[in-house]
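Some notes on the structure that comes next.
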Amino acid sequence: MMIGLEFEESDEAELRHPARTFTLRLFRLGKERFALFAKDIEEVTHWRRPTPLPAAPEAVLGIVSVQPRMITVLDTSSILGDGAAKDSVEPLCVIVLNGQEQLGLTATAEETSLEITPGQLEAVSQTNAQPLLGYVSHQDEKIQILDPLQLFAAAIRGQERRRRQL
């Protein structure tokens, strides 16, 4: 079973092929490591303090300009439930994600890229409330793979999103 990856129907046969590989990019936030699929990342840029948004949830740090767009920067430690890291770790970069939501995540370092096969992915339990696609083991460590489609929902959990007025 392929977890959390979306592909065209024409890719269905390729997904079942055990030689198919996917590229993960690994990041660090303090002592915590996490990963995103390379296809979900537009760029990694140096840290700049976001401009706060009024009445934003704790996990929404604010916005930064990454030409030619304004990116909403999310606090990765808050989303992953590690509030202690938020106070003790100063981000050094923003991971700008692909997609229409124009989101960025905090990190202290970009590490390496990792080629994986579908068989290396470990599924997430259905009761897990974090925005995860799954896990991958690397260097005797279980690394969380974040789900970019669930990040904003996790950041505003418990708060209603303001709707655009027509």
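The values are calculated or read from the model by the stated rules, or taken from the named source; none is laboratory data. As the structure is a prediction and not an experimental result, all values here were calculated from the model. Glycine gets a Cβ as well: all are built from the backbone with ideal geometry, and neighbour counts include every protein chain shown.
Which residue, of T112, T108, is out of contact with any Ser or Thr (no Cβ under 9 Å at 6 or more places or on another chain) and either closer than 16 Å to I156 by Cβ or surrounded by 13 or more Cβ atoms within 10 Å (Cβ to Cβ) (or both)?
None of the others qualify; the one that does is T108.
Tell me which of these T23 doesn't satisfy, since it passes every other one: (1) in a helix (DSSP H, G or I); (2) among the hydroxyl-bearing types (S, T, Y); (3) modelled with pLDDT of 95 or more.
All conditions are met except number (1).
Here's a check for you: in the stretch 122-146, which residue that is among the aliphatic types (A, V, I, L, M) and at pLDDT 90 or above is nearest to W47 (Cα to Cα)?
Going through the qualifying residues, I end up with L146.
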